[in-house]
Every structure is written in structure tokens, then in C-alpha cells.
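Inspection log for the structure reproduced underneath, given as C-alpha cells.
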């Protein structure tokens, strides 16, 4: 009878546990294959990348769509040749965006706008989000500045205004010919060169003149578009009232038909000061007969060229003057003019103006001996009429004068007492 080993009593838990832990199963050769290991690693990287990309997408979307920090509309100038980082810093310093430069750069790449950002002056609206800011820079819709060039200025005066305006850059190489610039309200972005401004004004003048010339009255006494501009410049300087232009043009047209001298004061002034445009004092009696190619008290017909840059309205009035037989006009003391067909009726209007002048004689200064009497009268409310030019900018109160209440027949001027040579504003 064989002996059995004694049975050692164990606890129930110990009885359930095996006396020897089996070794782990041996990995198969396939699991140890390097291609399988590499594949597992790649899958893991892809999954992690997808999770990261999802997080970036959510964050980026929130950054693009979140309202910006601007509390009110703001204009910001993005300089030329600025990089994405420079633009981001500029926008952040101006309070347009609150994201750091890397978020801005990343957003630009995400929107595929890396090469589309344009320099310029932009208006960013209140609360504009990052997407809208980038979209504004891509569209290139820069701020347009309104620039008004008044009618009746000479080319030299217009160039001076453009030179003083700091939204433009560069210089004007050559003074534009008189009458080749169209006075108008234009819109330009900051940084436009002054040469470009002049070119646009010349193009607009050519276009307007061509249209007006085609619609001219068949009996208008000018032979070329250039002559029309010359006569329109005289009309422009003689009156600033819109409802008088065609009638003033009719006076000069009637005089040209009858071979009468135009006898317009602004032509005397231009013959003396040229492109400066203003005399700054009354015309002297000696200057009325002073020889000058532009003095229409001396020369027959039109002067050799324009004395200013007339506006579209004056050119249209000159191309289609009123159907009247008027040959004279004189200031009526209220900012307008009185028109007459005969010299006798004209003299009565002059006498009426002299009576008005006497009423304010205490407020005037006695003119010098060599200057034309009598004392001036107060200018009308519209100083542009007194200055002889239709200006968009109100001028200071001017003085209006009359020359020779009873001029000899040789000086039966068309436009006596029409304008005062005052400094234009």
C-alpha cells in the first residue's frame, strides 16, 4: 500500500488558486512583423492627428466667427509691402482684432488668402469678426475720399489745392493747360498720385466736352470745342448763379454774332495775373485799355484760350444759350444781374445800381484816383457770384463795384459791374 502525501488543509480561496501560474501565451510571428508594428503606429498617429485637427477646427471656427473688439467703426491704414505678421500687429494695435499674430496668420492660410491681402485705407465696422476683417483686406474696398474742385478755378489754383491735400502723393510734373480740367466732386483712395488725379480730371473733361459739343445749338457762334471752352470759362467767371448762365452766355453769343467786343472784366484780370486767378483789388481805369491778348476790351472776339476751368453747367449753357437779344448786363445789387437789349436801358440799370451804392456809401472806402469810381457795394449772400466763379466752398463776403456809370460808346461793355476781383476761397 503506497503512501500518499499528507493533505494540507487550505483556505477556500487558496484552494481555488492554481499552484503554478501558467506562462503568457507566446506571440505569434505575425504580430512581431515590423510591417504590422509600423501600420499600428501609423493608425495611431492618424487618429491622434484627426482628433487634433478637429480641435483646431473648432477653435479656429470660433476665432473666425467671434465678434471683434471694436466698439465703433474705425479706419485703419495698411501700409504697402506689409507682411501678414505686420498686418496682424497693425490690426491688433488698432484694436481691430484681439487674436495674436499666429491666429491671424493661421486664419489667413485657412481662408486661402495668403497672397490676396491688399494694402490701403480700410473702414472696419463695429464688432467685425476675424473672417470679416480678412475679407475686407481681400476685397480691397479701400476708403474713398471725396475731393471737390470748384468751378472757375485756374489750372494753377487747382494744382495748388491738390498739392495741399495730404491724401495724395507725388508731384505734378507739368502744369495742365487752362480749361482741360473738369471741376467736379471726385472720389479717390488715399495714396493716389497727383498725376493720376490730373489725368482723371482731363479724361472727364474730354468726355463731357465731347458730349456737350455733339448737343450744341447749330447757330452757336463758336467753331471748335476749344472755343466753346474758352467762352464757357468767361461765362463761368461772370456769374455764379445757375439760372443766369444761359442768359449770360446769350449776351456774349449775341455780341460775337454782331462783331462787338465782349468787354468782360474777368478777361482783364486774367491778362494781368494769369493762372493766379485773382487780382485782390479793383481793376484800375488804366488797366481797362491796357493791351493784352486776353483783354476783351481791346481784342476782337474770343481771347486766345480759356481764362479758367469751366464746369459742365457753364459749358452746357454756352453750347445752348438762351434765345434772347440781350447785349448788356449789370449787377442788380442782390447777387444777380439785370439784362438789357439796348444801351439806354442798360444805363438806367447802371443808374439804379449807383443809387443803391450811395445808400451804403458810409460803409465803403473811397477808391484811389487811378481806380474806377464809385465806392463798392456789399456782396450778395452768395459770394461766388461776386467772385465770378461757382465755388463749392463759401467765400468770405466780397465787394462789388461798378465802372463808369456813363461810359463812352466805345466802352459799352457787356458785363459792366458784374464781378469784383476778390481773392477766391
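The values are calculated or read from the model by the stated rules, or taken from the named source; none is laboratory data. Everything numeric in this text was worked out from a predicted model, so none of it was measured. Don't worry about glycine lacking a Cβ; one is built from the backbone with ideal geometry, like all the others, and counts go over all protein chains shown.
Looking only at segment 221-247, which residues are out of contact with any helix residue (DSSP H, G or I) (no Cβ under 7 Å at 6 or more places or on another chain) and under 19 Å from residue 334 (Cα atoms)? First the steps, then the outcome.
Restricting attention to segment 221-247, the residues satisfying the condition of being out of contact with any helix residue (DSSP H, G or I) (no Cβ under 7 Å at 6 or more places or on another chain) are 223-224, 226-227, 230, 233, 243-244, 247.
Within segment 221-247, 243, 244, 247 qualify.
Filter segment 270-296 for residues that are part of a loop (DSSP other than H, G, I, E, B) and buried (at least 16 other Cβ atoms within 10 Å of the Cβ) and give the result. Full working, then the answer.
Keep residues of segment 270-296 that are part of a loop (DSSP other than H, G, I, E, B), which gives 277-283, 289-296.
Within segment 270-296, 277, 278, 279, 282, 283, 292, 294, 295, 296 qualify.
Give segment 126-169 a look and list any residue that's assigned to a strand (DSSP E or B) and under 27 Å from residue 232 (Cβ atoms), or say none. Write out each step before concluding.
Of the residues in segment 126-169, the ones assigned to a strand (DSSP E or B) are 144-148, 169.
Scanning segment 126-169 gives 146, 147, 148.
Given the criteria modelled with pLDDT of 90 or more, outside the structural domain of residue 193 (by TED's automatic domain parsing) and loosely packed, with under 14 Cβ neighbours inside 10 Å, does residue 119 qualify?
Numbers: modelled with pLDDT of 90 or more: yes; outside the structural domain of residue 193 (by TED's automatic domain parsing): yes; loosely packed, with under 14 Cβ neighbours inside 10 Å: no.
It is false that residue 119 is modelled with pLDDT of 90 or more, outside the structural domain of residue 193 (by TED's automatic domain parsing) and loosely packed, with under 14 Cβ neighbours inside 10 Å.
For the structure I just gave you, tell me whether residue 322 is surrounded by fewer than 23 Cβ atoms within 10 Å (Cβ to Cβ), closer than 30 Å to residue 207 by Cα, in contact (Cβ under 8 Å) with a residue 24 or more places away in the chain and within 42 Å of the chain's Cα centre (by Cα). Give the steps one after another, and end with the answer.
Details: surrounded by fewer than 23 Cβ atoms within 10 Å (Cβ to Cβ): yes; closer than 30 Å to residue 207 by Cα: yes; in contact (Cβ under 8 Å) with a residue 24 or more places away in the chain: yes; within 42 Å of the chain's Cα centre (by Cα): yes.
Yes: the conditions hold for residue 322.
If you scan segment 306-335, which residues turn out to be in a loop (DSSP other than H, G, I, E, B) and either in contact with a helix residue (DSSP H, G or I) (Cβ under 6 Å, 6 or more places away or on another chain) or at positive phi (or both)?
Initially, segment 306-335 is screened for residues in a loop (DSSP other than H, G, I, E, B), giving 306-311, 320-327, 332-335.
Residues satisfying the conditions are 306, 307, 308, 310, 321, 322, 324, 326, 327, 333, 335.
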